[in-house]
Amino acid sequence: MTQSNPSESNEINILKYDFNDIKLKVGDKLQIKPSAMTKAQCCLKNSDYCSATVIGYVSDKTLLVYLPKVDPLVGYPLLSGDQIFVRFFNGQNLFSFKVFVEQVINLPFKYIHLSFPTQIHGQVIRNSVRIKANIEAKVTVNHETFPATITNLSSTGAEIQIRADLGEPGSTLNLSFDVNIHEKIATFSVSAIIKRFSLSKNEIGQLIYGIKFIELMPEQTQMLLSYIYQELVYDNGKII
């Protein structure tokens, strides 16, 4: 199949893409949400996106997705003709498109035939995008380890709160933490350099450090971007 070049749309910083451009493959995770007009959306407690896994597609005809048993949509009705909003992150770009339910298959497991995406929009998720966080972490400096809290995070650095003196700007440290990415725990252990520090205005004894990650492996950067994308999908208010 021939890949087309993205062309600008009327929306600022948003590009139009062909299906071939997004390089969707079996096993990729999609975030899906029924239109507000569907019965399924009315049954859900909130308007969060739900997870779905690509199990195949027939070009220009249908896109097949599988709903895991824990997905909130599994127990709610999706009918032929229901409109579905879809988001997909490939490690660099956030894509979005609308499709329609064509058929729901319940046996031997529940999966859905969706209409083939025809209008796909996307934007680059820059490394500098930073989100609010509340992640327990450990900081190691000079062979001593201290508990800390990550209060905001990007793929290039973080802000941490800690009750320990980690040194002056320019000092190095190791930061370890876990995050949940699509129901799997990802463990990070990264080196960082202190860029700034200040005293917490809300809690006596807490120090706030701004740190920049150094010597990140490409797969670590991609996992951090995946986590940031996931959090943006579920809570748009997290972006700073």
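Here, each number is a calculation from the coordinates, and none is a lab measurement. Predicted, not measured: the structure shown is a model, and the values here were computed from it. All Cβ positions, even for glycine, are placed from backbone atoms using ideal geometry, and neighbour counts span all protein chains on display.
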Among the residues of the stretch 128-150, write down those that are under 30 Å from Ser96 (Cα atoms) and surrounded by fewer than 17 Cβ atoms within 10 Å (Cβ to Cβ).
Ser128, Lys132, Asn134
Does any residue in the stretch 131-151 that is without any contact (Cβ under 8 Å) to a residue 24 or more places away in the chain come within less than 7 Å, Cβ to Cβ, of a residue that is among the small types (Gly, Ala, Ser) six or more places away or on a different chain, and which pairs are these?
Phe146/Ala164; Thr149/Ala137
Can you tell me which residue among Gln206, Gln161, Gln103 is more than 25 Å from Glu231 (Cβ to Cβ) and in contact (Cβ under 8 Å) with a residue 12 or more places away in the chain?
Gln103
Residues (surrounded by fewer than 16 Cβ atoms within 10 Å (Cβ to Cβ) and over 14 Å from Ser59 (Cβ atoms)) located in the stretch 107-121:
Leu107, Pro108, Phe109, Gln119
